[in-house]
Amino acid sequence: MRGRYRILLGMAAGVGKTYRMLQEGKQADAEGRDVVIGYLEPHDRPETAVLAHGHDQLSEVRHGGLVLGEMDVDAVIRRTPELALVDELAHTNAPGSRNEKRYQDIDEILEAGIDVISTVNVQHLESLNDAVFELTGVRVRETFPDRMLDEADEVVLVDISPEALQERLRAGKV
């Protein structure tokens, strides 16, 4: 049976997707669910690191003698948690990884019957790539297919006001 998939979709970096994912993981843990962190990008934010404390983190892959900060999909599947928290859905994996993209890793975890909560910003949606470029002049290189939103059991919008985001920027929280 395929795991349940919940995507935390943000309108911009810094709106609180990762923090919310970790809060939901803590809540699931408090409810007695077995939770692991498949991948976390803490962005050197102390509050994020505090929320991650206490969960197994399975994000070290050995490749050619190097230790990469990538999700170890095999370790997540072997561990068989009830819920895996996976940051950065649109991420491109390191060369030599089994899958080119993190969304492909997530597909494998879901197929193993493990629930997943992941995070991503709207500008990474493949179908919006040209529009984002036209509006900003920036070509987003890391994208994910629209089908991930279609196949998710739930997509949750995570957003804050522009003023709150600016305050977070001034405070060094983004």
Open item on the list: How far apart, in nanometres, would the label points at Asp29 and Asp150 be if each is projected 7 angstrom from Cα along the Cα-to-Cβ direction?
Closed with: 3.6
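Helix-only mean residue ellipticity at 222 nm, the chain, DSSP H runs n ≥ 4 weighted -39,500 (n - 2.57), per residue, nearest 500. What is it?
Working: 7 runs with 60 residues, N = 174.
Rounded to the nearest 500, the figure is -9500 deg cm²/dmol.
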Open item on the list: Restricting to bridges with both residues inside the chain, how much of the DSSP beta-bridge set is antiparallel, in percent to the nearest 5?
Closed with: 15
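For the peptides 147-158, 84-95, what is the packing order when you average, over each peptide's residues, the other Cβ atoms within 10 Å and list the highest mean first?
Ranked from most to least packed, the peptides come out as 84-95, 147-158.
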TODO: Project the alpha carbons of the chain onto their principal axes and report the range along each, largest first, in whole Å.
DONE: 43, 36, 32
- [ ] Just need the relative contact order of the chain here, percent rounded to a whole number, with Cα pairs under 8 Å and 6+ apart.
- [x] 34
- [ ] Enter the accessible area of Phe133 (Å², nearest 10), with the probe set to 1.4 Å and all protein chains included.
- [x] 80
Task: Separation of the Asp56 and Ala94 label points, Cα + 7 Å toward Cβ, nm - done: 2.1
Open item on the list: At 7 Å along Cα-to-Cβ for each site, give me the label-to-label distance between Glu111 and Arg170 in nm.
Closed with: 4.9
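The values are calculated or read from the model by the stated rules, or taken from the named source; none is laboratory data. Remember, it's a predicted structure, so these values are computed and weren't measured experimentally. Cβ atoms come from the backbone with ideal geometry, glycine included; neighbour counts cover every protein chain shown. Heads up: the accessible areas ignore ligands, DNA and RNA and are worked out on the full protein's heavy atoms, side chains in. Shrake-Rupley method; radii C 1.70, N 1.55, O 1.52, S 1.80 Å.
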